[in-house]
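**Student:** My structure is below; once you've seen it, I'll send some questions.
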Amino acid sequence: MVGSNNTAVAIAVAVAGGAMMAAAPQLGDDRKEDVAASAFAVEEPPVDEEAAAERQAEVARLLAGFRQHLHDRAAHHLGYPYNLDFDSSLLVAQQLQSFCINNLGDPFVDSNYGVHSRPLEVAVLDWFARLWDLQKDQYWGYVTTCGTEGNLHGMLLGRELFPDGVIYASTESHYSVFKAARMYRVKCVKVDALLSGEINCADFKSKLLHNPGSPAIVNVNIGTTVKGAIDDLDRVIATLENCGFRGRFYIHCDGALAGLMMPFIKQAPKVTFNRPIGSVSVSGHKFLGCPVPCGVVITRREHVNVLSTNIEYLSSRDSTIMGSRNGHAPIFLWYTLNKKGYRGIRKEVHKCLRNAHYLLHHLKEVGVGASLNPLSNTVVFERPRDDAFVHKWQLACEGNIAHVVVMPNVTIEKITGFVQDLATNRANWYQDDSVVVPCIAKDIGQENCLCGLHDKKSRTA
């Protein structure tokens, strides 16, 4: 048994260092995953003391190898909006990891379970409510497991307030919005998006007028998933009111990433409860960089009453999507907000915007078509031809385009290395004249596309 585990350790360490991916290109993705998983198979601890000690040593080596794997992958992470720059070693490992911290139930109502972090959670919620102009006695919210849960909660509130409502969301909305429509059995109308990724309010008006008798439950994107576009909240509200929906709509703002950036950009449109919105959600593991997936959802206090049920077993109130809730996540959020504050977050926001423009400039400089929405840190460009390159840099792709989300941990050095790597590989991909650079004009506009057709036009001009 121990001998076979030595082989498993060797495989696992190879996977952790990325060697298996290079050494076994003939394996399909599913097969690679099978080999990696078998290396970490759970085995019964040996009864013999010596064998048990050897097994524990092997487990330690497996974890050390996996830690190196995570370190290597983090060094080449660009395509997803996660801030990997978080040092929690002192905070958690030495102080809190030994506790099962569970914030079950409503964060504002104590339960009989005493090992929780509700005071810190409420402090975090107060901070976000102030950020979005909602007074302490007027809001309700909680720390969620992720941005998706925030969207599910927002859509559920809309459905409960307007049981006969119709969900409207642009085609660029996060998939969780459409998941919510399926889960709650609510009719969902997809609204066209502009080339930028922003909701097309002309099409929105047309779709609203097809359902004049049904209240509108609207998802507004504060940063779309692929292009980082910001929906025009004021125009969405005006469209609803001009179409006769005044008092018959609920707006949820999905601000997973950019919802925490916009308040720190002077020229950005303001997301505020001073406007007739119902809820806002953000992710905590994205811009803030918490090491566990989490998020925050804030709504008006009167809205949550339609969901609340007293649970005697908990000695608390059930107002959340999940029952048990990770009590470590609010501590991470509280720690980060105290460490960075408004000034620190504002500094990181502007750093990301500058670095995104740096990436855009250098991509175009090496002949790669690319675009960047105003107030965004998401750079969209032509999809690399090689899946191995996509995997190496963990790029998010859709059709002929890919994107890099320039987060606080993405340095100028990493961007420079990425562009150089892309330029070198691209020269090999397109050295044969029969292989043409894909046209992405329909995705990012002719002025940003550098395919053979549109690059020639720009040079002629």
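The values are calculated or read from the model by the stated rules, or taken from the named source; none is laboratory data. Remember, predicted model here, so these are calculated numbers, not experimental data. Please note: Cβ atoms are built from the backbone with ideal geometry, for glycine as well, and neighbour counts cover all protein chains shown. To get the accessible areas, we keep the full protein, side chains included, count just its heavy atoms, and leave off ligands, DNA and RNA. Shrake-Rupley method; radii C 1.70, N 1.55, O 1.52, S 1.80 Å.
**Student:** Which order do you get for Lys227, Lys339, Lys364 if you rank them by accessible area with a 1.4 Å probe, largest at the top?
**Tutor:** Lys339, Lys364, Lys227
**Student:** Same structure, new question: Express the carbon and sulfur contribution to the solvent-accessible surface of the stretch 316-461 as a percent, rounded to the nearest whole number, probe 1.4 angstrom.
**Tutor:** Result for the stretch 316-461: 51 percent of the exposed heavy-atom area is carbon or sulfur.
**Student:** I would also like to ask the following. Divide, for the stretch 220-340, the radius of gyration over alpha carbons by 2.2 N^0.38 Å, where N is the residue count.
**Tutor:** Rounded to two decimals, the normalised Rg is 1.22.
**Student:** Probe radius 1.4 Å, ligands and nucleic acids left out: which of Glu172, Glu44 has the largest accessible area, and how do the rest follow?
**Tutor:** Numbers: Glu172 35, Glu44 140 Å².
Largest accessible area first, the list is Glu44, Glu172.
**Student:** Dipole of the stretch 178-280, Cα-centred, from +1 at each Lys and Arg C-beta and -1 at each Asp and Glu C-beta, to the nearest 20 debye?
**Tutor:** Numbers: 14 positive and 8 negative charges, 66 e Å.
Using only the charged Cβ atoms, the result is roughly 320 debye.
**Student:** For Lys136, list the lysines whose Cα falls under 23 Å from its own Cα; do not include residues on the same chain fewer than 8 positions away.
**Tutor:** Within the straight-line limit of under 23 Å, Lys136 reaches these lysines: Lys270, Lys339, Lys340.
**Student:** Once the whole set of protein chains is in place, how much accessible area is left on Met262, using a 1.4 Å probe, in Å² to the nearest 10?
**Tutor:** 10 Å²
**Student:** Okay, next question. Just order 163-169, 349-355 by mean Cβ neighbour count inside 10 Å, highest at the front, would you?
**Tutor:** Listed from highest to lowest mean packing, they are 163-169, 349-355.
**Student:** Could I ask something else about it? With a cap of 12 neighbouring Cβ atoms within 10 Å, and only residues DSSP puts in a loop, list the trypsin sites (Lys or Arg not before Pro) found in the stretch 61-156. Could you put the intermediate results ahead of the total?
**Tutor:** Numbers: sites: Arg61, Arg67, Arg73, Arg130, Lys136; in loops: Lys136.
Counting only loop positions with at most 12 other Cβ atoms within 10 Å, the trypsin sites (Lys or Arg not before Pro) in the stretch 61-156 are Lys136.
**Student:** What is the distance in Å between the Cα centroid of the stretch 93-167 and that of the stretch 318-373?
**Tutor:** 20 Å
**Student:** When the chain is fully extended, how far beyond the present Cα-Cα distance does Val306 get from Arg67, taking 0.36 nm per residue of separation?
**Tutor:** Extending this stretch completely gives an extra 81.5 nm.
**Student:** Here is a follow-up. Out of the DSSP beta bridges found with both residues in the chain, what percent are antiparallel (nearest 5)?
**Tutor:** 65 percent
**Student:** Taking the stretch 146-216, which trypsin sites (Lys or Arg not before Pro) meet the DSSP loop condition and have no more than 13 other C-beta atoms within 10 Å?
**Tutor:** The qualifying sites are Arg185, Lys187.
**Student:** Where does each of Tyr430, Tyr82, Tyr358 land when they are ordered by accessible area, with a 1.4 Å probe and the largest first? The partial results should precede the final answer.
**Tutor:** Values: Tyr430 35, Tyr82 85, Tyr358 65 Å².
The residues order as Tyr82, Tyr358, Tyr430, largest area first.
**Student:** Mind checking the stretch 236-313 for GluC sites (Glu not before Pro) that DSSP puts in a loop (not H, G, I, E or B) and that have at most 15 other Cβ atoms within 10 Å?
**Tutor:** Glu312
**Student:** Per-residue HN-Hα couplings for the stretch 234-248, Karplus 6.51 cos²θ - 1.76 cosθ + 1.60 at θ = phi - 60°, whole Hz, x for Gly and Pro?
**Tutor:** After applying 6.51 cos²θ - 1.76 cosθ + 1.60, I find 4, 6, 4, 5, 4, 4, 4, 5, 5, 8, x, 9, 4, x, 10 Hz.
**Student:** For Asp318, what accessible surface area do you get with a 1.4 Å probe? Give it in Å², rounded to 10.
**Tutor:** Using a 1.4 Å probe on the heavy atoms, I get roughly 60 Å².
**Student:** Using the heavy atoms of the protein chains alone and a 1.4 angstrom probe, what is the accessible area of the chain per residue in square angstrom?
**Tutor:** It amounts to 47 Å² per residue over the chain.
**Student:** In debye, nearest 20, what is the charge dipole magnitude of the stretch 129-224 about its Cα centre with +1 on Lys and Arg Cβ and -1 on Asp and Glu Cβ, if you could check?
**Tutor:** Around 240 debye, computed over the stretch 129-224.
**Student:** Given the pairs Lys187/Lys392; Lys286/Lys442; Lys207/Lys392, which span a C-alpha to C-alpha distance of over 32 angstrom in this model? Mind showing how you got there, number by number?
**Tutor:** Numbers: Lys187/Lys392 40 Å; Lys286/Lys442 29 Å; Lys207/Lys392 42 Å.
Lys187/Lys392; Lys207/Lys392, as the Cα separations exceed 32 Å there.
**Student:** Taking +1 at the Cβ of each Lys and Arg and -1 at the Cβ of each Asp and Glu, which of Asn211, Phe66, Cys352 sits farthest along the dipole of the chain towards its positive end, judged by Cα position relative to the Cα centre?
**Tutor:** Asn211
**Student:** Moving to a separate point now. What is the diffusion coefficient of the chain in µm²/s, taking the Kirkwood radius over Cα pairs and the Stokes-Einstein relation at 25 °C with a viscosity of 0.890 mPa s?
**Tutor:** Translational diffusion coefficient: 101 µm²/s.
**Student:** Let me ask you something else. I'd like the carbon and sulfur percentage of the solvent accessible area for the stretch 167-284, probe radius 1.4 Å, heavy atoms only, ligands and nucleic acids excluded.
**Tutor:** For the stretch 167-284, the apolar C and S fraction of the accessible surface comes to 50 percent.
**Student:** Suppose we take every Cα in the stretch 58-204 and form the convex hull; what volume per residue is that in Å³?
**Tutor:** That works out to 211 Å³ per residue.
**Student:** Here's a follow-up. So who's got an amide H within less than 5 Å of the one on Thr144, skipping anything under 5 residues away but keeping other chains? H placed 1.01 Å off N, in plane.
**Tutor:** Those lying under 5 Å, H to H, from Thr144 are Gly295, Val296, Val297.
**Student:** May I pose another question? Any chance you could look up the accessible area of Leu120 with a 1.4 Å probe, heavy atoms only, rounded to 10 Å²?
**Tutor:** 50 Å²
**Student:** Next question. At 7 Å along Cα-to-Cβ for each site, give me the label-to-label distance between Lys179 and Val292 in nm.
**Tutor:** 1.9 nm
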